[in-house]
1. Looking for whichever is in contact with a Pro (Cβ under 8 Å, 6 or more places away or on another chain), of a type in the set (Val, Ile, Thr) and within 30 Å of MET153 (Cα to Cα) here; the options are VAL48, VAL122, VAL60, VAL43. Which one fits?
2. Which of the residues spanning the range 186-201 are surrounded by 11 or more Cβ atoms within 10 Å (Cβ to Cβ) and touching a residue at least 24 places away in the same chain (Cβ under 8 Å)?
3. Please tell me if VAL122 is over 23 Å from PHE189 (Cβ atoms), surrounded by 12 or more Cβ atoms within 10 Å (Cβ to Cβ), touching a residue at least 40 places away in the same chain (Cβ under 8 Å) and out of contact with any strand residue (DSSP E or B) (no Cβ under 7 Å at 6 or more places or on another chain).
4. What tally of residues in the range 127-146 results from selecting those that are in contact (Cβ under 8 Å) with a residue 60 or more places away in the chain and either under 29 Å from GLN90 (Cα atoms) or surrounded by fewer than 18 Cβ atoms within 10 Å (Cβ to Cβ) (or both)?
5. Anything in the range 89-105 that is surrounded by 12 or more Cβ atoms within 10 Å (Cβ to Cβ) and over 21 Å from the mean Cα position of the chain (by Cα)? List them, or say none.
6. When you scan the range 146-164, do you find a residue that is under 19 Å from the mean Cα position of the chain (by Cα) and of a type in the set (A, V, I, L, M), even just one?
7. From the set of residues in the range 21-51 that are polar (S, T, N, Q) and in a helix (DSSP H, G or I), which is farthest from TRP178 (Cα to Cα)?
8. Which is under 20 Å from the mean Cα position of the chain (by Cα), in a helix (DSSP H, G or I), closer than 29 Å to PHE6 by Cβ and in contact (Cβ under 8 Å) with a residue 12 or more places away in the chain, of ILE63, ILE75?
Amino acid sequence: ELMELFPDMLFLNVVRDPRAQVASMNRAIIHDFDTFLNARTWVDAHRVAQALLERYPARVLTIRYEDFLARPEEILRRVCGFFGIAFLPQMLDVGHSAEARQISTLSALWASNCYAPIAANVDKFKEQLSLDEIEIIETLARDLMAHYGYAPMTAASAVAGCDAAARLRSDAGRRTAWGELEKGGFRDFVLRRVRADYLANLRIRLEQAAARGVEATDPA
């Protein structure tokens, strides 16, 4: 529907190593507190991205986050060219961006927005995840990892997890995190609560819209 409403819309598909992405998601209050659930979310998101790319190949640019860290100017020039905007050298200097500095003061959630990404953190997930968790991610994301050029560390043959048990663990972790955040920083609590509620409502609306679309095309 968005593509029909905005026929000139372009998409930037930024891919990050799913192991690093899930390690980050596991600590984010707006995501699940469970490796299995977050890995599945990563896979679902990139399956949608692949479907979009197959349908509109000229309107999607895919870049890897790790490539941007290794060759920032080259990748940023590609992004600018794709969107038809001029590349400016100061785009690479996040620390001198007044907007980035302002955003970084609004919440601890965005405190690092005024700093350039740290290339050394690419493999930090190895310290944050157990080998069992890494294998769960690699099992679920095996095909997409190969497609995007991420080498596995395990045999990628983990036994499928229990969705209900994972959901219970995640919900318990989320309740604890919200409680600690409310006690430790009420402003951050409010900002993140608003964002979390918005994303939850958006997800419900998208699921309802998708369900209506299925009903409309169901011959039964």
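The values are calculated or read from the model by the stated rules, or taken from the named source; none is laboratory data. Here the structure is a predicted model, which means the values were calculated and not measured. As a convention, Cβ positions derive from the backbone with ideal geometry for all residues, glycine included, and neighbour counts pool all protein chains shown.
1. VAL43
2. ASP188, LEU191, ARG192, ARG195, ALA196, LEU199
3. So VAL122 passes the test.
4. From the range 127-146, those in contact (Cβ under 8 Å) with a residue 60 or more places away in the chain are 128-129, 133-134, 136-138, 140-141, 144-145; that's our starting set.
Now restrict to residues that are either under 29 Å from GLN90 (Cα atoms) or surrounded by fewer than 18 Cβ atoms within 10 Å (Cβ to Cβ) (or both): 128.
Summing the residues that are in contact (Cβ under 8 Å) with a residue 60 or more places away in the chain and either under 29 Å from GLN90 (Cα atoms) or surrounded by fewer than 18 Cβ atoms within 10 Å (Cβ to Cβ) (or both) in the range 127-146 gives 1.
5. Residues satisfying the conditions are MET91, LEU92, SER97, ARG101, GLN102.
6. yes
7. Kept after step one, since they are polar (S, T, N, Q), are these residues of the range 21-51: 21, 24, 26, 35, 38, 41, 50.
Now narrow it down to the ones that are in a helix (DSSP H, G or I): 21, 24, 35, 38, 41, 50.
Numbers: GLN21: 21, SER24: 17, THR35: 19, ASN38: 18, THR41: 21, GLN50: 34 Å.
Ranking the qualifying residues of the range 21-51, first place goes to GLN50.
8. Criteria check complete, one pass: ILE75.
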